[in-house]
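Here the structure is laid out as structure tokens; the discussion comes afterwards.
The values are calculated or read from the model by the stated rules, or taken from the named source; none is laboratory data. Because the structure is a prediction, the values reported are computed rather than measured. Heads up, the Cβs are rebuilt from the backbone with ideal geometry, glycines too, and the neighbour counts pull from every protein chain shown. All accessible areas refer to the heavy atoms of the entire protein, side chains included, with ligands and DNA or RNA removed. Shrake-Rupley method; radii C 1.70, N 1.55, O 1.52, S 1.80 Å.
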Amino acid sequence: MNVKQDFDFRQGIVLEPEVSDFPLLKKAPFIDEGTDPIDPSRYYSPKFMAREWDKMWSRIWNFAGFSSDIPDIGDYFTYDLGPESFLIVRTGEGSVEAYYNVCQHRGRRLVEGDFGSVADSFTCPFHGWQYGLDGSLKQVTDRETFRPEALCGDLGLKRVRCETENGMIFLTIDSSAPPLKDALGIIPEHFAPFDIPKMKVVKEVTVEWPVNWKTAADVFYEAYHVHVLHPQITGAMDDYNVQIDLYDKGVSRFLVAFGRISPRWLDQESLNDDLKGMLSVAGLDDADFTGNLSSVRSAIASAMRSKFEAKGHDCSSYHDSQLVDSWNYGIFPNVQIGIYPEGALVQRWRPHPTDPEKCFFDVLNLVHPELAGLSPRDAYLDWRSDVNLDKYTRPPRQILRTEEEQRSGLGLVGYQDYENIIKVQPGMRSKGYEGVVLCEQESRIRHYHTEIDRYLSVS
Ligand code: FES
Ligand SMILES: [Fe+2]
């Protein structure tokens with residue numbers, strides 16, 4: 001194995017050590033969050049789950065979805081979180097509102113579908129009460145049969161705060177939460193180069209997993225397992241020399257080099273099939289490639305730059321690394337977004353309404369319409385580059401119910417992660433297990449757990 005023997009956790013890994021003038025590559029200063037094992041009870045305790053809901057989920061900004069999914073006035077989608085369901089509605093050209101998805105008459109869930117569009121009102125399927133896009137109660141069926149005092153309160157839909165940042169819609173239940181920008185920390189600055197409002201969701205899958213949401217999140221917050229669980233991808237991905245940056249508010253990121261062989265890969269000399277595959281997506285014939293292995297990334301980057309520019313996409317603000325590598329951001333507490341000029345890969349974990357040992361896992365793939373089919377990262381991100389964006393219709397949320405559906409819907413890497421975490425969850429309950437021990441390659445895990453603790457410690 002060809003890994004560094006002199007790893008210095010205070011310095012960590014810098015992806016592009018030679019580059020000092022590209023602000024978004026800058027390594028964040030080291031944050032010491034200690035080495036204590038994490039108490040396993042937080043992965044199964046109903047009490048911990050209840051505290052998490054009251055003190056964290058009810059107070060944070062949640063990533064709900066994308067504004068490109070509700071382009072026209074009256075378009076809506078639903079977002080379920082724990083015991084709640086929310087309705088997110090386009091109410092005007094630049095305005096989006098969110099409501100609890102619950103009718104104020106007898107409490108029925110108002111909207112059942114994942115997506116839809118209404119002309120100007122929502123009608124409850126139980127007794128037909130109608131609500132305007134602004135949430136106001138517009139019509140009560142047989143109003144004359146209600147005594148006036150029964151209808152005297154505010155019976156409009158209950159509103160939750162909702163804000164949009166670069167095409168990403170967030171909501172919070174907490175009316176006194178600080179503004180979204182405060183919660184996102186560095187995210188707006190780091191996502192600014194990418195035109196997310198233009199990107200289209202080309203795939204969305206949801207699966208219920210028999211694990212706590214953090215058991216699921218943990219596996220996506222480290223690349224330490226990649227060489228064991230996903231050895232098939234290490235031919236063109238450096239899973240060891242990963243730049244990890246921890247930021248304020250529980251935000252963190254990975255910068256993972258693609259087009260570079262893992263130091264754990266046996267053959268360090270040959271242009272392997274995975275590297276050839278990346279060259280070929282970039283339009284480069286491996287037979288003509290005369291550079292050495294260390295120049296594969298820059299060759300891919302410059303080819304992608306020309307391809308993107310030929311499509312009229314200005315690439316002047318991108319570093320080569322943004323055209324080749326994986327830039328994966330974790331927005332506290334439960335969503336990771338790999339962000340690229342040509343699209344985005346979103347992975348999200350949501351708590352189950354009642355069971356601490358279940359969760360929902362969502363994957364959304366987005367493609368920039370001008371750059372569809374041009375991703376050198378395709379093979380690694382299970383990306384749908386073949387989608388026809390000229391005749392775009394938003395694909396439905398697909399619920400993966402069987403093992404077979406998971407295998408095809410999540411792709412091999414996601415399925416390998418699933419097969420693994422279902423064997424981690426029982427370990428959390430074992431009397432023979434004392435706590436989660438983490439190396440510095442797993443520091444993003446500790447970082448988001450530390451932020452959870454911060455929320456839970458507030459009285
Ligand atoms: S519950 Fe909605 S109209 Fe009766
Ligand atoms: Fe994995």
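Listed peptides 401-409, 89-97 appear in the order 89-97, 401-409 once ranked by packing, highest mean of other Cβ atoms within 10 Å at the front. In the chain, what percent of the accessible surface is made up of carbon and sulfur (1.4 Å probe, ligands and nucleic acids excluded)? Carbon with sulfur: 49 percent of the solvent-accessible area. Every helix of 4 or more DSSP H residues in the chain counts as -39500 (n - 2.57), and over all residues that averages to -6000 deg cm²/dmol at 222 nm. For the range 22-105, the solvent-accessible area of protein heavy atoms averages 41 Å² per residue (probe radius 1.4 Å; ligands and nucleic acids excluded). Of the residues E419, E222, E189, the one with the largest accessible area comes first in the ranking E189, E419, E222, computed with a 1.4 Å probe on protein heavy atoms. Within the chain, the cysteines lacking any other cysteine Cβ closer than 4.7 Å to their own Cβ are C152, C162, C315, C359, C439. Peptides 39-45, 309-315, 75-81, 105-111 ranked from most to least packed by the mean count of surrounding Cβ atoms within 10 Å: 75-81, 39-45, 105-111, 309-315. Over 32 Å between C-alpha atoms is what I'm after, so list which of K391/K423; K249/K358; K203/K431; K27/K181; K26/K200; K181/K391 land there. Exceeds cut-off: K391/K423; K203/K431; K181/K391.
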